[in-house]
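Data block below; observations after.
The values are calculated or read from the model by the stated rules, or taken from the named source; none is laboratory data. Keep in mind the model is a prediction, meaning the values are calculated, not measured. No Cβ is skipped: glycine too gets one built from the backbone with ideal geometry, and neighbour counts run over all protein chains shown. The accessibility values were calculated without ligands, DNA or RNA, using every heavy atom of the protein model including side chains. Shrake-Rupley method; radii C 1.70, N 1.55, O 1.52, S 1.80 Å.
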Amino acid sequence: MKRYNPKEIEPKWQQKWSEDKTYEASDDPSGKPKKYILEFFPYPSGAAMHVGHVRNYTIGDAMSRHARMMGYDVLHPMGWDAFGLPAENYAIKTGISPKQAIAENTGRFKQQLTQMGFGYDWSREFASSDPEYYRWTQWFFLLLHKRGLAYQKESLQWWCPVDKTVLANEQVENGKCWRCGSEVEKKSLKQWFFKITEYAERLEKDLDDVDWSDSIKAMQRNWIGRSKGAEVVFAMDGSDEKITVFTTRADTLFGATFLVLAPEHPLLKTITAPEHRAQVENYLQKTRNKSDIERQETNREKTGVFTGAYAINPVNGEKLPIWTSDYVLVGYGTGAIMAVPAHDERDWAFAQAFKLPVVPVIEPETGTPQENPETRLSIVAIVRNPRTNEYLSINWGKLGGNLFIGGGREANEDIVETAKREIAEETGYRNLKLVAQTDRIHHHYFAHSKNVARYIEAYGLLFDLEDETRDEQRLEPDEQGKFTVEWLPASAAEAVITDELHTTCYRLLVKGECYHGEGIMMHSGSYDGLRSSEAREKIVADLEAKHLGKERVNYKMRDWLISRQRYWGAPIPMIHCAKDGVVPVPEDQLPVLLPDMQSYEPSGDGRSPLARVPEFVNTTCPICGGPAERETDTMDGFACSSWYPMRFADPRNNDRPFDAVKVQRWLPVDYYIGGAEHAVMHLLYIRMWTKVMQDEGLVDFGEPFTGLRNQGMILAPDGRKMSKSWGNVIAPDDLIEQGYGADAIRVMELFIGPWNQSANWSVEGMGGSFRFLQRVWALSQDYLTKNEPANPADDIAIKQVMHRTIKKVSTDMEAMGFNTAIAAVMEAVNELYRLKVTVPFGAAPEAWRWAIESLLLLLAPFVPHITEELWMQLGHTDSIHLAKWPVYEEQYLTSDRMTIVIQINGKVRSQIEVSSSATEEEVTAQAKEDKKAVVYLTNQTPKKTIYVPGKLVNFVL
RNA sequence: GCGCGGGUGGUGGAAUUGGUAGACACGAGGGACUUAAAAUCCCUUGCCUAAACAGCGUGCGGGUUCGAUUCCCGCCCCGCGCACCA
């Protein structure tokens, strides 16, 4: 009997598959449906792949193999995301050219992928740094430029004063240069941008139509940051200037008590009053020196200065002082806000810091409005003992838990007196000092105990207990003995009291929070009494009629800065001519080739190293033919990866980026598989490019990936990320070398847990995966070598086991339940081991052959080598990976007996075996006689009997 | 703070629409084979218990239900992402 030796069989089949082109996809339509399965294309860095990276490809490979067996034409390509900073820095560090480093690293990666047995169509391989590829990346730049989506703008850029170089955002870690650790500064440079903001709406909306995980969709929505609001125009007091602000809460306009402009706001120069100029200048100077990181720290003390200027509130003519502060960002909205300290926490903090007035205009509304409610007037009194910092609470137990003191109030009754009366009646305390009081609060709820909807108009009051003097409680008869009076520490009061009205009072009075929710309008002229959401729309409409405002949607997302002052990227195909300005390189002159250089270090003058190559820089203007200079910036690596899935459909096209028919055959990608780390970069950029292609008529779809699947990360056994510095990296190469083989690694990658959940790599688990494959191997070898003739035996059990397993694995594969699919096969193997004792191979050779072949077919997507080897040993000549997925037969799934669980009052007490055809009456009758059940039934007649066909009988006593 | 995931034995995890909680695997314990070890094969393994067909068990507290890991309400904890976005 041959021993299972992966070292022997795995390389053999890898070579054979390559020779036979087993996994190459044909562009000729076959009439079969297609599946395009793609894993994020890897960055061939200096470090080799570890078992964490491998999981991603294992998932994609299992899915493609399964799809192929299910009768799909499958495209499963692989290539290299080769341009970008890490490769360049690796080259700078090692002294070898990026081109050479990439060649070496891709070779290594390819070897690693191959030894794992992944079935890629290598005939379509390319790297984004191939001139034949980046020629078309440049072509797309020109397309975006033609469509007005690529533009140049002067903007602030990170600058390291020690390395004398510009840094990309990713290279700035906590405000410091990642290479030398010195504090970075900002420098204004002319940059290229892609106008991704123009696509904000479509990028947001089309997320509805793709099959992506909720978390990635949420991250993208968050990043796009759509927010619907209004622009409001404020006239200046004593000047013709106007200030436009953006707000999502136009309903709070009457509560605006000042305006704030971002320090970079252009109007600041003109509106600042002469006597405030020095102060404002000083503040702007200080702000400029702050890093963005510093500016973005939350909970920072609010800073700012008054400009001396005033604006007029368009709704009530109030004079509002205009301030400037760095908590207002120039890049969002209009860079100016109206501050409503009563209903916005940031404005509240600012108003507190600078003693600015607070005008509440929204009365809080809590709970859900009900139909036809009973109206009640009431108070909520919070009593604090300032000596112990405890809060007086009434514990209603089962009737409603803990509350503060609440009570009804007559329409003409004084609020404070009502509260004091209630406190005295219910708790006996009487020496109280009023500390604070809320505005009216509107509360809706449904009183289940009385089956009635309630609407409560309440006031919250906070009292300090002056002394412990306490009288007798004076309780209504129906309150007697229903509650106890307790003193709760602040933390307990917050945790225990859950009634929405009471917690709202606590937040407003004790925690001093400002109310930023919806509610009922007050102090707002003719809008008083309206619900804030309605008032918001009305106020905007009224402003619009007077041309003082309009509805407006804002996005947080900014345009995509794509120029890099770096060497290793696709050169931006533009030419600067003194006479004709910025001129695109004519298409027939593409690619603009990256010249070979001796040193790739950034120059230090804010220009790319390419600026040091005169042969590259000096050219002629395509329009006037006069001397001109090339753009020396290169494109962000994310530009290169923004169209590669399309290129895989037609990777060798020299006339166009791709052929429309070929792209139509394969795209969009059905499953795009990778980690969640690219949620808002790559996955947003490529969606934008796809929409540009759609608008240009290059493709007939707007979303590149119909399905996106984010695999969970594999961590080291110690629970940390695998990294060289921790010394906890586990490389597949070592495991293969140790003899486990690629197949066992693949089992481990999938069996360790759900594919989309992260997991710690387990050294012991690796042994288990290998053992399992060994059992499959041994079973097959047993069949092949010990198949002596024997008396025929009943093979029904074998068939039942396998048909059940085929069904389970088939449904699991559709749902990507790889771990449970593998578990089901393990279970089948365990059962077959038991069955071979009672039904020897020779007694049912046909059934056994079918069972073992089915087993191999079910395992083929996971473990391609061992299944191929055994498949061939069983006498096949065509690859198992081109075979058909097995089909189960319904008749073997049912048995003539079934197990019925007997429950008494919902508790499992026994189980019985009955005939599958037994009726409810028969099952119930038999259950009542079961000797364990009888003990519980004790001659009682069940009040109720619940029968779930084929599952259980429940007797309710 | 906001958004998105999670919380089940010693461990990783399993459980269609509410219907036998803990599949499968790791680890542990025992046995067989062996001179012995490794490998392999078989058995046991949620907790409590001398043992059980008793009791307790899916983060915590309530609720709905004949029956809740699953549905509803409130809370706690962990991970990830975003974060002065008006």
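A few points about this structure:
- Two-decimal log10 I(q)/I(0) for segment A:452-605, as the Debye equation yields it once each C-alpha is a single scatterer, q = 0.08, 0.09, 0.12 Å⁻¹: -0.65, -0.71, -0.86
- Where Cα atoms sit under 30 Å apart: lysine pairs in segment A:226-365 separated by 8 or more or lying on different chains: 23
- With 0.36 nm allotted per residue and the present C-alpha distance subtracted, the A:K884-A:N222 stretch has 233.9 nm of extension available.
- Debye log10 I(q)/I(0) at q = 0.06, 0.08, 0.09 Å⁻¹ for chain A, Cα point scatterers: -0.69, -1.06, -1.16
- Here segment A:598-635 and segment A:249-282 have alpha carbon centers that stand 43 Å from each other.
- Among complete DSSP H helices in chain A, those whose alpha-carbon atoms stretch at least 24 Å along the helix's long axis and whose mean Kyte-Doolittle hydropathy reaches 0.5 are A:818-838.
- Close amide-amide hydrogen proximity is noted between A:V582 and A:C577, each under 5 Å apart and 5 or more residues distant or on a separate chain (H modeled in the peptide plane; Pro and chain starts excluded).
- Alpha carbon centroid spacing (whole Å) that separates segment A:15-56 from segment A:540-583: 38
- About its Cα centre, chain A has a charge dipole of approximately 1400 debye under the convention of +1 per Lys or Arg Cβ and -1 per Asp or Glu Cβ, with nothing else charged.
- Counted residue by residue at 0.36 nm each, then reduced by the alpha carbon distance between them, the extension gain from A:V358 to A:S916 reaches 193.3 nm.
- Cα→Cβ-extended label distance, 7 Å offset, between A:E537 and A:K928, nm: 6.2
- Å² of accessible area per residue within chain A, as computed with a 1.4 Å probe and no ligands counted: 46
- The phi-based Karplus calculation (6.51 cos²θ - 1.76 cosθ + 1.60; θ = phi - 60°) puts the 3J(HN,Hα) values of segment A:556-565 at 6, 4, 10, 5, 8, 7, 10, 7, 10, 8 Hz, whole numbers, x for Gly and Pro.
- Dipole of chain A, positive end: most advanced residue of A:Q279, A:L594, A:Q940 [Cβ charges, Cα centre]: A:L594
- 5 angstrom amide H check on A:L156, placed H, neighbours 5+ away: A:L189
- Net length gained if the chain between A:A823 and A:I623 were fully extended (0.36 nm per residue, minus Cα distance): 65.2 nm
- Straight-line reach from A:K99: taking Cα to Cα under 26 Å and skipping same-chain neighbours fewer than 8 places apart, the lysines in range are A:K110, A:K164, A:K724.
- Take every Cα pair under 8 Å whose residues are at least 6 apart in sequence, average their separation, divide by the length of chain A, and the relative contact order is 14 percent.
- Taking all protein chains as shown and a probe of 1.4 angstrom, A:K153 keeps an accessible surface of around 90 Å².
- Rounded to whole Hz, the Karplus (6.51, -1.76, 1.60) HN-Hα couplings of segment A:320-335, x for glycine and proline: 10, x, 9, 10, 10, 7, 7, 7, 9, 9, 6, x, 10, x, 10, x
- Segment A:721-768 versus segment A:323-379: alpha-carbon centroid distance in Å: 53
- Per-residue ellipticity at 222 nm, computed for chain A from helices alone with -39500 (n - 2.57) per DSSP H run of at least four residues, works out to -10500 deg cm²/dmol.
- Eligible aspartates and glutamates near A:K511 by straight Cα distance, threshold 12 Å, same-chain separation 8 or greater: A:E494
- Put simply, the amide H of A:A628, placed in the peptide plane, has neighbours under 5 Å in A:T619, A:T620, A:C621, leaving out anything fewer than 5 places away on its chain.
- Apolar share of the accessible surface for chain A: 49 percent from carbon plus sulfur atoms, 1.4 Å probe.
- Considering only chain A, percent of DSSP beta bridges that pair antiparallel, nearest 5: 75
- Estimated FRET transfer efficiency (A:L329, A:I946; beta-carbon r; R0 35 Å; 0.05): 0.05
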